[in-house]
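Read the structure below first, then the notes.
The values are calculated or read from the model by the stated rules, or taken from the named source; none is laboratory data. Keep in mind that this is a model prediction, so the values were computed, not measured. Here the Cβ positions follow ideal geometry from the backbone for every residue, glycine too, while neighbour counts run over all protein chains shown.
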Amino acid sequence: MSFRMIETADLRHLQWKQDFKADMLIVAYHFPDHDPEELPHDHDFVELQICVGGKGRQQTAADDFVFSRGKAMVISPGAWHRHYDNKRMDVYVCCFEAKLLMHELLWTLDDPILNLLLWQRFANKGGGLSVLTLDDALLEKCIPALDALVALGENHDPSEKAMRLGNLIVILAHLAKGKLEREVKPTVPAIHVAVRRCLSLMEEHLAEPWTAEGLSEKLNINVSYLGRLFKSMLGVSPMAYLSHMRMERAARLLSQTDRRISEVASDVGWPDPNYFARRFRLYFGISASEYRARQIRHAAEAKANPDDVLFGWSVPEAVSRLDGGKGKAVRVRGPIEA
């Protein structure tokens, strides 16, 4: 069963390509006094939210809970959520492009908690969203790294890539010491080299007509053993993980390109349009054409009404704040001063 749920026409899909500068991989924002609510949305990047003050609520596919000081969330691509009933929330938001997981952050596979937070999202019972509690000591350790990322802003400077990545790693390391809201296994096995190679194969050659047997033959490993490795380390079988990767790629292509649906189907490894249509509807709950139409409509609405409060602080280009309780939306770039 997929965690990605399209339950309402109001669901927005935020895209790294549209919402951030394409050549920037990591960015962070600080919203020290946030009250507006937001509509349900998901995104094609990873989002970290850490609350340092105030109080609000979060609604997700799996839960509805209080979000207050010490709470942190790791929101996977495709997991929808929304904030509401916010009262002077003080929140840091850090976003990074998902492709970092296959490269600079590949080492997180070996960390028991980060593996669960970042890699086992397809098996995540929390709807692709994990909630942690950080004590005051951990929270205070996170803040300097978050502030450093916020200070780097949105300007892309290749010389700052190491600084951005270094601060992100510090934040992830502290999150890994937090207390998960759901029960998890205390450890996971060290990631087998075959799993790493398999993930790379699937990402780089997604259009290949892979089978479990074909993957295992390419990796020179027993097919049953490969299945057990995947299940123990990532929570699902190789073919299930591949299916999720294909759906995520299909969603990006549908929303970011004008390629025909049949071409998108071939690009992600399901050249039979009818089979692709069934899989897409099963995964998203709507057809591929309807999914594309919604994204086009939402993009047009956002462009036509740039001052509307659509996504709360999840919109990186600007943040909306009510003006003196008069209900007027004001666009404010960058951090909002208290």
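Quick look at the values:
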item	result
Any hit, the range 123-132, residues being farther than 16 Å from S76 by Cα and surrounded by fewer than 22 Cβ atoms within 10 Å (Cβ to Cβ)	no
A28 under 22 Å from R252 (Cβ atoms), in contact (Cβ under 8 Å) with a residue 40 or more places away in the chain and in the same structural domain as N155 (by TED's automatic domain parsing)	no
Criterion: among the hydroxyl-bearing types (S, T, Y) and at pLDDT below 85 - qualifying residue of T60, T108	T60
Residue that is surrounded by the most Cβ atoms within 10 Å (Cβ to Cβ), among those in the range 76-87 that are under 14 Å from the mean Cα position of the chain (by Cα) and in a strand (DSSP E or B)	H81
Residues that are assigned to a helix (DSSP H, G or I) and in contact with a Phe, Trp or Tyr (Cβ under 6 Å, 6 or more places away or on another chain), drawn from the range 260-270	A265
Single unsatisfied condition, Q49 versus (1) buried (at least 21 other Cβ atoms within 10 Å of the Cβ); (2) out of contact with any Gly (no Cβ under 9 Å at 6 or more places or on another chain); (3) assigned to a loop (DSSP other than H, G, I, E, B)	(3)
Lone qualifier among V184, V195 - being under 17 Å from G235 (Cβ atoms), modelled with pLDDT under 90 and assigned by TED's automatic domain parsing to the domain that holds E140	V184
Any chance G178 is within 22 Å of the chain's Cα centre (by Cα) and modelled with pLDDT of 90 or more	yes
Looking only at the range 254-267, and only at residues there that are surrounded by fewer than 20 Cβ atoms within 10 Å (Cβ to Cβ) and without any contact (Cβ under 8 Å) to a residue 60 or more places away in the chain, the one that is nearest to S200 (Cα to Cα)	S266
Unique match (being surrounded by 15 or more Cβ atoms within 10 Å (Cβ to Cβ), more than 22 Å from the chain's Cα centre (by Cα) and not assigned by TED's automatic domain parsing to the domain that holds G128) among A251, A277	A277
Some residue of the range 56-75 being among the hydroxyl-bearing types (S, T, Y), part of a strand (DSSP E or B) and crowded, with 22+ Cβ neighbours inside 10 Å	no
